[in-house]
1. Over region 126-223, what is the mean sequence separation of C-alpha contacts under 8 Å (at least six apart), divided by residue count, expressed as relative contact order in percent?
2. Between MET145 and ASP202, what FRET efficiency follows from the Cβ-Cβ distance if R0 is 35 Å, with the result rounded to 0.05?
3. Place a point 7 Å from the Cα of VAL407 along the Cα-to-Cβ direction; which residues of region 336-359 have their backbone N under 19 Å from it?
4. Taking the Cα atoms only, what angle lies between the long axis of helix 13-36 and the longest principal axis of the chain, rounded to 10 degrees?
5. By how many degrees, 0 to 90 and rounded to 10, does the Cα axis of helix 150-160 deviate from the longest principal axis of the chain?
6. So what's the back-of-envelope 222 nm ellipticity for the chain, counting only DSSP H runs of four-plus at -39500 (n - 2.57) apiece and dividing by all residues, rounded to 500?
7. Under the Karplus relation 6.51 cos²θ - 1.76 cosθ + 1.60, θ = phi - 60°, what is the ordered set of whole-Hz ³J(HN,Hα) values for region 460-471, x standing for Gly and Pro?
8. Please list 256-262, 351-357 highest first by mean number of surrounding beta-carbon atoms within 10 Å per residue.
Amino acid sequence: MIEAEAKKPQESLQDRLAQVVELLQRHKLVEDLTHRQEGPHQDLVENLVHRQNLAELQRRLDELHPADVAHILEALPLDDRLTVWQLVKVERDGDILLEVSDAVRETLIADMDDHELLAAAREMDADELADLAPELPRDVVHELMESLDAQQRERVRSALSYEEDQVGALMDFEMVTIRDDVSLEVVLRYLRRLKELPGHTDKLFVVDYDGVLKGVLPIKRLLVNDPEKHVAEVMANDPVAFHPDENAYDAAQAFERYDLVSSPVVDKNGKLIGRLTIDEMVDLIREESESEVLSMAGLREEEDIFASVWKSVRNRWAWLAINLITAFVASRVIGLFEGSIERLVALAALMPIVAGIGGNSGNQTITMIVRAMALDQVGTGNTSRLLRKELGVSLINGLLWGGVIGVVAYLLYDSWSLGVVMTAAMTLNLLLAALMGVLIPMTLVKLGRDPAMGASVMITAMTDSGGFLIFLGLASIFLL
C-alpha cells in the first residue's frame, strides 16, 4: 500500500489525541443537551448538531497519519473507539488495521461487516494480506482469495505457509529487479518509467534470467557512477541475504548489526523470492520487547487496556494463581517460626528487608540473563560461567549491604548478634537470588519455553520464601 505522509509534524501525538477526545466529549455534551430540550424542531436541531460535530471529528482524523489514528484508537474506551472507527474513510481502513495492536484489531474487525472487510483487504499487498488473514472470518478470506489474480494468490499462500517467527512470514514481494549486463543509463530509464518505487527501496536486486540472485545495486552507487558503466561493474556481489525458513529474530539482529534498510530473501537454490525491509524488523523488535515485558509479569498475551473485565481476568489469572500458592508457602515458612517472632519482635520488622533486597537482586540478574539471551550473547552452555560470575557479584553485594543493614540493626536494637545474623541472612539470600536468577531462564530455555515467562513471579517467590527461611532460621539458632 502507498505509505501516507505524516501531516502536521509540529503537533505531538498527545496533542492530537487530546483534540479527538475533546471533540468526542463536546459531541456527547451537545447530544445530552439537545435530548433534554423539547420543541417542534428538536429532531432537526439534534441532527444538525450531530452532523456538525462528527464532520469536524472526521476532518481531524483525515489529517492524521494512519499510525497516529491507530494510536488514538488504542487510547480510547471501546464505545469511543468504535465511534471514531466509523468515521475513518473506507480506503484507510486497511492501513489502520495493520498499525493497531492485535487486541484492538480484534475489536475493530468485530465491528465491521464482510463487505467492509473485503473493501479494506483489497487495498493491501500480498504480505499485508498474509498478516491480516488469520484474524478475518473464514468466508471473507475465501472470497478475498478468489478475487486475487494468480500471482497475488500464490504470494499470499506462500507467506501463510510460514510460521509467524520465520522470515517468510514477514517478507515483502514488491521489489525492483534488474540484469547485470545492462548499463546504468538503461536502469535509470527503466526506473523513470515506473509510477513509484516500493517503500524502503535503497537497493535494486540483480538477478539472472532464471531469477537467481547475483548481487544488489545500491541506489547511491547508481546515482554517483558513470551512466555508461554496466551493472556488473558497480554492484555488490556479497549482499546479506536470508532464507524464508530462518528465524525472524536472527534477521532483525542482522539488520541492526549491519545497518540494513532492505535485504533479499532467497530459496535454497538462490532464487530471489522476496525481501525484508526495516519497517518490519522494527515492528518485530518492538513486539518481542513488549512480549518479554508481559511474560516476565506473568501475562499470557498483549491486552487491550480497555478490554472487558472477563477477558482481562482470563489473561491474568494463571500466574496470579501460581503467585497465590507461592505466597501461601512463604506464609507457612513464617508460621514455622511463630514462637521465635513472639520472643523477639525485631525479627518481624527486619525480615521483609531480607526478602525485598533478595527479590530486587534476583530480578536484576534475571533481567540481564534474559536480555543477553534475546541478543544471542549467552546460551545454556555458558551456565556455569554465568553462575560463578553472578554468585561473586551477589557475595560482594551481600557482605557490603548486609554489613550496612547489620550495623543499622545493631544501633536500633542494641544487639551485635542480631546485626551478624542480619548480615549473614542478607548475604545468603542474595546468593540464592543469583542462583535462581541464572537457573530459572536457563531451565526454561532447555524446556523449550520463553526464558522470560513468569520469571519475575518465580524469582520473587523463591527469594521471599528463601529469605524468610534463612533469616528466621539463623535467628532461631543463634539468637534464641
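1. Values: 88 pairs, mean separation 21.2, N = 98.
Relative contact order of region 126-223: 22 percent.
2. Working: r = 32 Å, r/R0 = 0.92.
It comes out at approximately 0.65.
3. Correct set: 354.
4. 80
5. The answer is roughly 0 degrees.
6. Result for the chain: -21500 deg cm²/dmol, rounded to the nearest 500.
7. Once θ is set to phi - 60°, the couplings for region 460-471 become 5, 4, 5, 6, 5, 4, x, x, 4, 5, 5, 5 Hz.
8. Numbers: 256-262: 14.1, 351-357: 20.1.
Descending packing order for the listed peptides: 351-357, 256-262.
Rule-based calculations on the coordinates, nothing more; no lab input. As the structure is a prediction and not an experimental result, all values here were calculated from the model. Every residue, glycine as well, gets a Cβ built from its backbone with ideal geometry; the counts of neighbours run over all protein chains shown.
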